[in-house]
Structure formats: structure tokens, C-alpha cells
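A short write-up of the structure that comes next.
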Amino acid sequence: MPYEPARHGPVRVVGPGFHERVHALVRQVPKGSVTTYGDVATALGSRNVARHVGYALAALPDGSDVPWWRVVAAGGRLSTEARARSEQTRRLEHEGVVVSVGRVRDFAARRHGFSSD
């Protein structure tokens, strides 16, 4: 999928290497677990860039090895875009994560935190 500014947001709005750092953190989320855009942003040093975490994941090319489906909104909510939500649900359920009414069931137990080392 080519980069589309209207869909993916501004390029490198938070500095060089931001997308790569997001991707590296998301790769750390184990199968069967989820994290939030805010958790990733906080691990990067600023909770205020949670929206840009989403932009970085939306800009991933098809076939990427970054498990974008393991990143959800606050409270365990899935994507608001119907097609993306369907694909996210399918992938999460394949990993054993139960999704009910657009939310991860047992979200707190499934939530992956990042260490601060």
C-alpha cells in the first residue's frame, strides 16, 4: 500500500526514525497479548504521540512482519474502520484473543506492558 497523506498522516512528524522505533516496540508484543497506542507512545517517551503511533502502523506495507493487529485503542477497543476491524479481529482470534462487540475480552489480563530499562 503506498503512502497516502490523508490516511497515514504527516511523514516523520515526530522526528527521524519514529516509525522504525514504533515497529520495533510492536514486534515485542507476544502472540496472545495486546497493547495500546498510548502504551507504545509512553514507551517511546511521550504519551502525546499516540495518534502518530497509529499513523506509523497504518503506513506499514502489505506483508510486513510488524504485528499491527496487537495494538488497540484505550480500553481494548479495536479499529473504527470496519474492514480493518474485521481483519484485526480475525488475526487476534487466531492468536487466542477473544474479541466481543469490538473490544478485547479480558483486556487487562491480555495487556502487554513495556519495561523501562
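The values are calculated or read from the model by the stated rules, or taken from the named source; none is laboratory data. Since the model is a prediction, treat every value here as computed from it, not as a measurement. Reconstructed Cβ throughout: ideal geometry from the backbone, glycine too, with neighbour counts over all protein chains shown. We work out accessible area using only protein heavy atoms, side chains counted, and drop any ligands, DNA or RNA first. Shrake-Rupley method; radii C 1.70, N 1.55, O 1.52, S 1.80 Å.
Observations, loosely collected:
- Test result for Val29, surrounded by 15 or more Cβ atoms within 10 Å (Cβ to Cβ), under 15 Å from the mean Cα position of the chain (by Cα), part of a loop (DSSP other than H, G, I, E, B) and at pLDDT 60 or above: yes
- Residues satisfying the stated conditions in region 42-53, i.e. surrounded by 15 or more Cβ atoms within 10 Å (Cβ to Cβ) and over 16 Å from Phe114 (Cβ atoms): His52
For (1) among the small types (Gly, Ala, Ser); (2) surrounded by fewer than 17 Cβ atoms within 10 Å (Cβ to Cβ); (3) modelled with pLDDT of 95 or more, each residue gets a yes or a no:
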{"site": "Tyr55", "(1), (2), (3)": "no, no, no"}
{"site": "Ala74", "(1), (2), (3)": "yes, yes, no"}
{"site": "Asp106", "(1), (2), (3)": "no, yes, yes"}
{"site": "Gly113", "(1), (2), (3)": "yes, yes, no"}
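- First in region 64-84 and without any contact (Cβ under 8 Å) to a residue 12 or more places away in the chain, second anywhere and open to solvent by less than 60 Å² (accessible area, probe 1.4 Å) and outside any loop (DSSP other than H, G, I, E, B), Cβ under 7 Å, 6 or more apart: Ser79/Gln88
- Matching entry among Ser79, Ser64, Ser86 (being outside any loop (DSSP other than H, G, I, E, B) and not aromatic (Phe, Trp, Tyr)): Ser86
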